[in-house]
Structures are given as structure tokens and as C-alpha cells.
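What follows is a set of notes on a single structure, which appears directly below.
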Amino acid sequence: MSFSIGVLGVGQFGGQFAHLFKLHPGVSAVYAVDELPERALAAREQWSLDGTMASFDELLASDVDAVAIFTQRWTHGPLVERALRAGKHVYSAVPMAVSEEEIERIISAVRETKLVYMMGETSYYNPATVFARTQQEAGKFGRIFYTEGDYVHDMDLGFYEAYQYSGGDRWKETASYPPMLYPTHAIGGVLGAVPGHAVSVSCIGVKDHRNDGVFDKDVSMFANDFSNATALFEMNDGGAMRTNEMRRVGYPSHIRESRFRYFGTEASFEQLATTTLWQDKQGVTDVSDQVETKPTMSPDDPSLAGVAPELRDAFISGLAPVHEPARLPQEFLGAPNGHEGSHQFLVDDFVTAVNKNQLPPVNAWVAARYTLPGIVAHQSALRGGERLPIRDFGDAPAM
């Protein structure tokens with residue numbers, strides 16, 4: 001079986017994913033859609049796509065079977081709902097949405113249409129998450145009672161250029177996007193290994209002091225001046241999860257921007273920028289080599305010419321020893337694979353879910369558990385750290 005897909009937003013990441021969809025044997029045709037027609041034409045030429053469409057409306061009116069959305073992060077919710085209601089399967093970049101109401105509408109649309117929805121959370125396939133998930137399933141942690149997930153990416157390391165690329169002349173208005181509204185790289189890496197969900201949160205937001213017009217309430221379209229935020233979540237099993245979202249931090253985010261820690265009654269796992277440790281009551285084992293990816297292409301590859309040098313590691317990482325390359329299509333061999341080896345797995349899981357009419361790993365209900373805690377955490381930060389409850393939409397029903 002195979003299906004056709006239109007990729008909405010074929011910029012830096014969208015173009016890379018359009019290429020992988022084109023390579024996948026489960027996809028029959030790939031179309032580029034972008035608000036900048038020249039960008040869609042360039043993607044079609046570069047990746048030998050099957051065509052372009054002039055607008056999202058044209059894509060929804062077409063007989064294309066699925067949509068992949070790579071637009072600005074605060075636009076995803078309404079676009080996803082429209083695509084589902086138009087009868088399209090949907091792959092969406094993170095985050096799922098920026099409000100509880102948008103999340104609820106997406107889940108209702110998935111339930112009513114019975115179409116496939118998948119959020120493209122890279123941390124679910126992060127080598128550290130894969131390693132911890134394997135240990136958890138084998139019962140080696142015992143009871144996991146405390147976890148940490150950090151997304152640590154300094155604005156100076158490529159984010160200024162990325163926002164300028166996507167935001168145009170008014171990029172500073174969008175570069176102030178609240179850190180906790182982009183929580184899935186931190187939360188997804190924890191919940192991708194540990195079953196459960198957050199039920200309440202207290203969060204502290206740190207106001208920015210750079211004074212360069214970014215994270216300035218008078219400039220920000222989000223009225224946001226938090227550049228860093230730390231949240232402590234109560235879990236449904238009585239445990240605790242802490243996450244950090246940092247945009248002003250002295251840390252080599254180009255080496256590892258997402259990192260995780262899991263503490264259980266029998267063993268623990270801790271990750272820093274270049275070191276990863278497995279610890280139990282007998283001793284410590286360095287497992288860094290098991291979660292280290294090997295680049296599949298040069299950071300100087302011509303296809304990355306428009307990407308800031310500090311961001312190129314996110315486009316070129318290969319697989320780690322803990323990954324399972326045998327499950328990927330042969331056509332992906334040697335193809336680009338970014339965000340610590342996740343891109344190829346993301347595409348393959350979505351294609352498999354559509355062609356087999358099954359739930360993908362990060363389906364709408366899982367995506368809600370990765371996304372909504374951050375939305376509520378931001379509200380907590382705005383209220384001085386007040387502890388707030390987090391709604392749970394439950395488990396996904398069988399398809």
C-alpha cells in the first residue's frame with residue numbers, strides 16, 4: 001500500500017522531511033506547499049518531488065491523502081484540525097497546539113474522522129530515551145519515582161538566524177515564543193520511556209535581561225519576557241518530573257540540546273552533554289558509546305547552505321547503537337537523519353500507521369500528554385509559580 005502527501009512549509013526542516021517522504025516506498029507522491037512559491041519550487045527541484053500547490057486550501061481540496069505540517073509552532077492546532085476535517089491524515093511538527101482548547105479539538109477530530117494523527121516528537125526516538133525505555137520495560141529501574149528532561153538551547157547558537165529565516169522583518173515578535181509552550185523535547189523524552197502523565201505543575205519563569213528586543217513584552221506577539229523556565233510536575237503515580245526550557249544558557253546545545261535523567265528504586269540513568277551513565281546499587285557504567293550518534297553527512301553539505309552552522313548538527317546526526325536500523329526501509333540508507341537519529345523513524349512510523357491503519361507511537365492522546373503540561377506550566381509561571389492541575393484526555397481508543 002502507499003499514499004500521497006503534501007508537505008506544508010518546505011523550509012529548513014520541512015524540506016528535509018519532504019525528501020524522506022519521497023524516499024519511503026510507502027509513499028506514492030510528495031507535493032510541496034509554501035507561502036513563498038519560490039521555496040516550494042526550489043524544494044520540488046532539489047528533492048525531485050512530484051509537484052507543488054499554491055496554498056493550503058488547494059492542498060485540502062485536492063485528492064492528496066495526507067498532510068505534513070511544518071509551519072510556525074503556534075499555528076499547528078488550527079491547521080491540523082482543518083486537515084483532519086478535510087479527510088487528510090496528519091503528521092505535525094511540534095508542538096501539538098498552544099492551548100487546551102486546540103488540543104481538545106484535535107482529539108475530537110481524530111476520534112470522529114478515525115484518521116491518523118501523529119506529532120513528530122524527536123525525543124521519543126532520542127537514543128537516551130530508547131535506552132531508558134528498554135531498561136524500564138525490562139524492569140531494571142524498579143519503580144521510577146523522579147525524572148528530569150531538559151531542552152537546553154541558547155538563542156546565540158543558531159536561534160537568531162532560525163527566527164530571522166522564518167519570521168522576516170518582524171522576527172523579534174516571534175523569537176520571544178514562551179519556552180514552556182515548546183515543552184515536548186523535554187517532556188517527550190521522559191514520558192517516551194516512563195509510562196504515566198503529569199497531573200499538576202508549579203513553574204518559575206526567569207525574565208530576560210539581554211535587552212535586545214527579544215523576550216521583550218512590548219515587542220513580543222506573545223507578551224512574553226521569560227527566556228528560561230523550570231517546572232516541577234506531580235505525576236499520576238505519585239512520582240515527580242522536572243523539566244527545564246532554557247534559551248539563555250552557557251551550554252553547548254549544538255552537541256546535545258535534549259538530555260534526560262531517570263531515578264528508580266533499583267537503578268538510575270543520568271545524561272550530560274558528553275557523558276551518559278547507568279547506575280545501580282553495585283556501581284556505575286558509562287554507556288555514552290551506546291547513545292552516541294554518527295553523522296551521516298558533512299555539516300558543509302550544500303543542502304545545508306541556508307542553515308546556521310550552530311544548527312547543522314540537528315540535521316546530520318545518524319543512528320546510535322541502541323537504535324534499530326533493520327526496521328527502516330533500505331531506501332533510507334545514507335539519507336539525512338537529524339535530531340539524534342530521529343527523523344527517519346518519525347517518517348517511517350507515520351507512513352506505517354497510515355498504510356496499516358494503526359495508531360502511531362505519538363498519537364493525539366500521547367501528544368496531548370507531551371504538550372499540555374507545558375501550556376499549564378506557562379500559566380503557572382505567569383501566576384508566580386501557583387500550583388495548577390493538568391487535564392488528562394486519557395489513553396487512545398483502539399482503531
Inset, instruction - Determine, yes or no, whether Ala231 is under 23 Å from Pro361 (Cα atoms) and crowded, with 23+ Cβ neighbours inside 10 Å. - result: no
Legend entry - Residue that is most open to solvent (accessible area, probe 1.4 Å), among those in region 355-388 that are closer than 23 Å to Tyr177 by Cα and not in a helix (DSSP H, G or I): Arg387
Legend entry - Conditions (1) touching a Ser or Thr at 6+ places or on another chain (Cβ under 9 Å); (2) under 27 Å from Gly338 (Cα atoms): number failed by Tyr91: (1)
Inset, instruction - Considering (1) farther than 30 Å from Ala18 by Cα; (2) in contact with a Leu (Cβ under 8 Å, 6 or more places away or on another chain); (3) open to solvent by 40 Å² or more (accessible area, probe 1.4 Å); (4) not acidic (Asp, Glu), say which one His254 fails and leave the rest. - result: (1)
Inset, instruction - Kindly indicate the residue of region 68-81 that is polar (S, T, N, Q) and in contact (Cβ under 8 Å) with a residue 60 or more places away in the chain and also surrounded by the fewest Cβ atoms within 10 Å (Cβ to Cβ) among those meeting that condition. - result: Gln72
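So that you can scan it fast, the table gives a plain yes or no per residue for (1) within 14 Å of the chain's Cα centre (by Cα); (2) of a type outside the set (D, E, K, R); (3) surrounded by fewer than 21 Cβ atoms within 10 Å (Cβ to Cβ); (4) modelled with pLDDT of 95 or more:
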{"residue": "Tyr91", "(1), (2), (3), (4)": "yes, yes, no, yes"}
{"residue": "Ser99", "(1), (2), (3), (4)": "no, yes, yes, yes"}
{"residue": "Ile106", "(1), (2), (3), (4)": "no, yes, no, yes"}
{"residue": "Phe159", "(1), (2), (3), (4)": "no, yes, yes, no"}
{"residue": "Lys172", "(1), (2), (3), (4)": "no, no, yes, yes"}
{"residue": "Ile187", "(1), (2), (3), (4)": "yes, yes, no, yes"}
{"residue": "Gly192", "(1), (2), (3), (4)": "yes, yes, no, yes"}
{"residue": "Val199", "(1), (2), (3), (4)": "no, yes, yes, yes"}
Legend entry - Close pairs from region 135-147: first of a type in the set (Gly, Ala, Ser), partner surrounded by fewer than 15 Cβ atoms within 10 Å (Cβ to Cβ) and outside any strand (DSSP E or B), Cβ under 6 Å, at least 6 apart: Gly142/Thr265; Gly142/Glu266
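Matching residues to (1) of a type in the set (Gly, Ala, Ser); (2) touching a residue at least 60 places away in the same chain (Cβ under 8 Å); (3) touching a Gly at 6+ places or on another chain (Cβ under 7 Å); (4) not in a strand (DSSP E or B):
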site: Lys172; (1), (2), (3), (4): no, no, yes, yes
site: Asn211; (1), (2), (3), (4): no, no, no, yes
site: Ala229; (1), (2), (3), (4): yes, yes, yes, no
site: Val249; (1), (2), (3), (4): no, yes, no, yes
site: Ile255; (1), (2), (3), (4): no, no, no, yes
site: Tyr262; (1), (2), (3), (4): no, yes, no, no
site: Thr285; (1), (2), (3), (4): no, no, no, no
Legend entry - Condition check for Glu245: within 20 Å of the chain's Cα centre (by Cα), within 30 Å of Asp34 (Cβ to Cβ) and in a strand (DSSP E or B): yes
Legend entry - Which numbered condition Leu115 misses (of (1) part of a helix (DSSP H, G or I); (2) farther than 30 Å from Arg261 by Cβ): (1)
Inset, instruction - Can you confirm whether region 293-305 contains a residue that is open to solvent by 40 Å² or more (accessible area, probe 1.4 Å) and closer than 23 Å to Val194 by Cα? - result: no
Inset, instruction - Taking the residues in region 44-67 that are buried (at least 18 other Cβ atoms within 10 Å of the Cβ) and in contact (Cβ under 8 Å) with a residue 60 or more places away in the chain as candidates, determine which candidate is farthest from Tyr91 (Cα to Cα). - result: Val64
Legend entry - Of all residues in region 257-283 being of a type in the set (A, V, I, L, M, F, W, C) and open to solvent by 10 Å² or more (accessible area, probe 1.4 Å), the one that is nearest to Thr174 (Cα to Cα): Ala273
Inset, instruction - Check Leu23, Leu8, Leu84, Leu41 and return the single one that is open to solvent by 10 Å² or more (accessible area, probe 1.4 Å) and under 27 Å from Leu372 (Cα atoms). - result: Leu8
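The values are calculated or read from the model by the stated rules, or taken from the named source; none is laboratory data. Computed from a predicted structure; not experimentally measured. No Cβ is skipped: glycine too gets one built from the backbone with ideal geometry, and neighbour counts run over all protein chains shown. Protein only, heavy atoms only, side chains kept; ligands, DNA and RNA dropped before computing areas. Shrake-Rupley method; radii C 1.70, N 1.55, O 1.52, S 1.80 Å.
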